[in-house]
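I have a structure I would like to understand better, so I am pasting it below and will then ask my questions one at a time.
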Amino acid sequence: MPPELKRARQGPAVDKPASKRKNQVIASARQTAWLLLENEEKLEPEQKDYLARLCQSSPTIEELQQLGQRFSRILREKRAKDFDTWLNDALKSSFPEMKTLPMANDLIRDRKAVEAALTYQWSNGQTEGQVNKLKTLKRQMYGRAKFDLLKTRMLAIPGH
């Protein structure tokens, strides 16, 4: 990574002594969103410090982080019985974004599917991966091939 980008990630070099500048984290919006949802045990001390400063500066971010952390925990630990409580808390929160979130409406509509995903150990991820591989191959061929060539190319893909 070029040194000028590293310096930009570490924050401005003006108001802090060099010893503190090296460990300061300045993350993009996307990186911050992932940090807010990341399991706290996996975070580096600099990342924890960054999140603490961020949450201290905005109670809104802190509340949203707590909701996000709870949802992540429910998914990681497959706690289906806690899903309804979390969904009700999210919809009752003071954030209009949580109430109008398309995802919230989808979660309500597909509640049984979500609960099944949180309850059962099996997954259709392997099937979805194969379907994705097939669709990618079809797109690459621009619709020029019939089934026999598609089959030949699909079987020639490594890892299949």
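Residues being open to solvent by 70 Å² or more (accessible area, probe 1.4 Å) and either at pLDDT below 85 or touching a His at 6+ places or on another chain (Cβ under 7 Å) (or both): count how many of those fall in the range 121-139.
Adding up the residues that qualify gives 8.
Another one. Of the conditions (1) closer than 24 Å to Leu36 by Cα; (2) surrounded by 10 or more Cβ atoms within 10 Å (Cβ to Cβ); (3) out of contact with any Leu (no Cβ under 9 Å at 6 or more places or on another chain), Arg76 fails just one. Which one is it?
Unmet condition: (2).
Among the residues of the range 106-120, which ones are in contact with a Phe, Trp or Tyr (Cβ under 9 Å, 6 or more places away or on another chain) and either open to solvent by less than 60 Å² (accessible area, probe 1.4 Å) or of a type in the set (Phe, Trp, Tyr) (or both)?
Leu107, Val114, Glu115, Leu118
Looking at Phe83, Phe147, can you tell me which residue is hydrophobic (A, V, I, L, M, F, W, C), in contact with a helix residue (DSSP H, G or I) (Cβ under 7 Å, 6 or more places away or on another chain) and either open to solvent by 70 Å² or more (accessible area, probe 1.4 Å) or closer than 23 Å to Leu37 by Cα (or both)?
Phe83
Condition first: of a type in the set (Lys, Arg) and either open to solvent by less than 80 Å² (accessible area, probe 1.4 Å) or not in a helix (DSSP H, G or I) (or both). Can you find one or more residues in the range 46-55 that meet it?
No, the conditions are met nowhere in the range 46-55.
Would you confirm, using the coordinates I've provided, whether Ser123 is out of contact with any Leu (no Cβ under 7 Å at 6 or more places or on another chain), free of Cβ contacts under 8 Å to residues at least 40 places away in the same chain and closer than 22 Å to Ala29 by Cβ?
No.
Against the condition over 20 Å from the mean Cα position of the chain (by Cα), polar (S, T, N, Q) and assigned to a helix (DSSP H, G or I), how does Asn88 come out, does it pass?
The answer is yes for Asn88.
The values are calculated or read from the model by the stated rules, or taken from the named source; none is laboratory data. Just so it is clear, the model here is predicted, and its values are computed rather than measured. Counting neighbours? That spans all protein chains shown, and the Cβs are built from the backbone with ideal geometry, glycine included. For accessibility, only protein heavy atoms count, side chains too; no ligands or nucleic acids. Shrake-Rupley method; radii C 1.70, N 1.55, O 1.52, S 1.80 Å.
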